[in-house]
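Down below is the structure, laid out as structure tokens.
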Amino acid sequence: MMTHVRGGREGKMAAPMEVAVCTDSAAPMWSCIVWELHSGANLLTYRGGQAGPHGLALLNGEYLLAAQLGKNYISAWELQRKDQLQQKIMCPGPVTCLTTSPNGLYVLAGVAESIHLWEVSTGNLLVILSRHYQDVSCLQFTGDSSHFISGGKDCLVLAWSLCSVLQADPSRIPAPRHVWSHHTLPITDLHCGFGGPLARVATSSLDQTVKLWEVSSGELLLSVLFDVSIMAVTMDLAEHHMFCGGSEGSIFQVDLFTWPGQRERNFQPEQDAGKVFKGHRNQVTCLSVSTDGSVLLSGSHDETVRLWDVQSKQCIRTVALKGPVTNATILLAPVSMLSSDFRPSLPLPHFNKHLLGAEHGDEPRHGGLTLRLGLHQQGSEPSYLDRTEQLQAVLCSTMEKSVLGGQDQLRVRVTELEDEVRNLRKINRDLFDFSTRFITRPAK
């Protein structure tokens, strides 16, 4: 992502600007406010609706998307045309959460208990995933866009492979890569760490626990029990600390780098007094950490956003909003956010509300050309997923043959080498005897 460069002399690299992007549920004058993280200066405001919890996303560094609270559409703004709503992405029901892929290719939204996946370049609704039993409450992609994680009010956290979802046979229901069912009450938040398919995922729940999972293996790495329900969770970029926002307003810091090793632990505030941020008067709804891990941003139902110094646990700045805070996140500001003459490289397409576009009720689009490659081969050629599974089977059988069948070949080869060594020793002895007789024979 390109970033605005501030300060410094000409030709000298300076630090990128970090901004805080916040929304509340009242939004009497604006939907979203952007302010510079360290100075607190207001940079931008966007007008038009009220963004719901987990409903704010930046698309390709060019558009700001906001899932409207209790409404069946997603608002989209160009970052510099903040007073002009560019488009409403219509959905078949109220949007419960929203995210975009870091590579800018996909938009993902929770609509009741279903997950809708759009392709940004065409606006096509590619797939609808219906594996949750109640509303989807939070969604997030991994940093490399290869996987995405969904959490729901059904207490389930699902880890999805994007490749598997896109390559799935239309006659079969796509299945998640992992189903994490250890939580016993609704999921309130989740955070994907760094590492793509090797990332770790933190999940929080009303069951008063925060759990840490590994995407690659699906293994539960850690479970921390608190005295209150946890409404928000995040980690710093280095994953040294995990920050957990409580329902009564406290924020708890769990140190991962000093963890003693057990999988389960109780967080005890009286023993971990130096690990608690105190200041909010109501439940914490969102958390975000600066790139260097020194500053923590929090939003709460007490209608304030607070900026904290992680080391001292002191509140640096308090920003009062007009309603309960629904989103508060720290971003590296893209150049389009701070350059008044910037325009998106491509306009947003019309986003289809139904699968297969006009065939299921969307307005037909004229003047465009749709290419579907390889239709004549559908049903006869295996998918990439099938080919991957076949390759995996071949590799496994080859390894078994090399490990098991190779033992007999190894024994035969050892026997041959032992015979060769015996022959060489015999030749060496014969040469030694001949030389000895030749040297010691009496001279004539």
Problem set entry | Under the Karplus curve 6.51 cos²θ - 1.76 cosθ + 1.60, θ = phi - 60°, whole-Hz ³J(HN,Hα) for segment 262-271, x wherever Gly or Pro sits | 6, 7, 10, 7, 9, 8, 10, x, 5, 8
Seminar exercise, completed: With x for Gly and Pro, the residue-by-residue ³J(HN,Hα) of segment 195-209, computed from phi through the Karplus equation 6.51 cos²θ - 1.76 cosθ + 1.60 at θ = phi - 60° and given in whole Hz, is x, x, x, 9, 5, 10, 10, 9, 10, 10, 8, 5, 7, 6, 10
Seminar exercise, completed: Here the FRET efficiency for E418 versus F438, based on Cβ atoms and R0 = 25 Å and rounded to 0.05, is 0.25
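Want the number for I173 to Q268: 0.36 nm per residue separation, take away the alpha-carbon distance, what's left? It would help to have the intermediate numbers written out before the result.
Working: separation 95, 0.36 × 95 = 34.20 nm, distance 4.35 nm.
Using 0.36 nm per residue and subtracting the Cα-Cα distance, I get 29.9 nm.
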Exercise. Using a 1.4 Å probe on the protein chains only, how many percent of the accessible area of segment 214-271 belongs to carbon and sulfur?
Worked result: 45
Exercise. If you take the square roots of the eigenvalues of the alpha-carbon gyration tensor of segment 73-204 and sort them as a ≥ b ≥ c, do you get rounded (a/c under 1.5), prolate (a/b over b/c) or oblate?
Worked result: rounded
Exercise. Normalised by the residues of segment 84-193, what does the relative contact order come to in percent, with Cα pairs under 8 Å and at least six apart?
Worked result: 20
For this session: Name the shape class, rounded, prolate or oblate, that the alpha-carbon gyration tensor gives for segment 127-171, where a ≥ b ≥ c are the square roots of its eigenvalues, rounded holds for a/c under 1.5, and otherwise prolate holds if a/b is larger than b/c and oblate otherwise.
Result: oblate
Seminar exercise, completed: Counting sequence-distant residues (5 or more places) and residues on other chains, those with an amide H built under 5 Å from that of Q50 are L69
Problem set entry | Hz values of 3J(HN,Hα) by residue in segment 68-80 - Karplus curve (6.51, -1.76, 1.60), Gly and Pro given as x | 6, 4, x, 10, 9, 8, 10, 7, 10, 10, 5, 4, 9
Exercise. What is the set of long-range amide H partners of C155 at a cut-off below 5 Å, with H atoms built 1.01 Å from backbone N?
Worked result: I187
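Ignoring ligands, DNA and RNA, please state the percent of accessible area on segment 85-164 from carbon and sulfur, probe 1.4 Å. Please list the in-between numbers first.
On the way: 1310 of 2550 Å².
After summing per-atom areas, the C and S share lands at 51 percent.
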Seminar exercise, completed: In terms of the alpha carbon gyration tensor, root eigenvalues a ≥ b ≥ c, rounded if a/c is under 1.5 and otherwise prolate when a/b exceeds b/c or oblate, segment 198-305 is prolate
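Among the chymotrypsin sites (Phe, Trp or Tyr not before Pro) in segment 243-314, which ones are in a DSSP loop with at most 10 other Cβ atoms within 10 Å of the Cβ? Mind listing them?
Answer by residue number: F257.
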Exercise. Sequence-distant or interchain residues sharing an amide H contact under 5 Å with T96, placed H: which?
Worked result: G110, V111, A112
For this session: At most 15 other Cβ atoms within 10 Å and a DSSP loop assignment: could you name the chymotrypsin sites (Phe, Trp or Tyr not before Pro) in segment 84-163 that fit?
Result: Y133
For this session: Please go through segment 134-225 and write out the trypsin sites (Lys or Arg not before Pro) that DSSP classes as loop and that have at most 11 other C-beta atoms within 10 Å.
Result: R172
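How large, in Å, is segment 263-310 by the Kirkwood hydrodynamic radius built from its alpha-carbon pairs? Intermediate results must be reported in sequence, preceding the final value.
Values: mean 1/r = 0.0820 Å⁻¹.
When all Cα pairs of segment 263-310 are included, the Kirkwood radius is 12.2 Å.
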Problem set entry | Spin-label pair R425/K322, simplified geometry with 7 Å Cα→Cβ offset, distance in nm | 9.6
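Kindly rank 420-427, 323-330 from highest to lowest mean number of other beta carbons found within 10 Å of each residue. Kindly include the intermediate steps, with their values, before the conclusion.
Details: 420-427: 10.0, 323-330: 22.0.
Taking the mean over residues of other Cβ atoms within 10 Å, the ranking is 323-330, 420-427.
The values are calculated or read from the model by the stated rules, or taken from the named source; none is laboratory data. Just so we're clear, the structure is a prediction, and the values are computed from it rather than from any experiment. Here Cβ is always computed from backbone atoms with ideal geometry, including for glycine, and neighbour counts include all displayed protein chains. Each accessible area value is taken on the protein alone, full model and side chains, heavy atoms only, with ligands, DNA and RNA left out. Shrake-Rupley method; radii C 1.70, N 1.55, O 1.52, S 1.80 Å.
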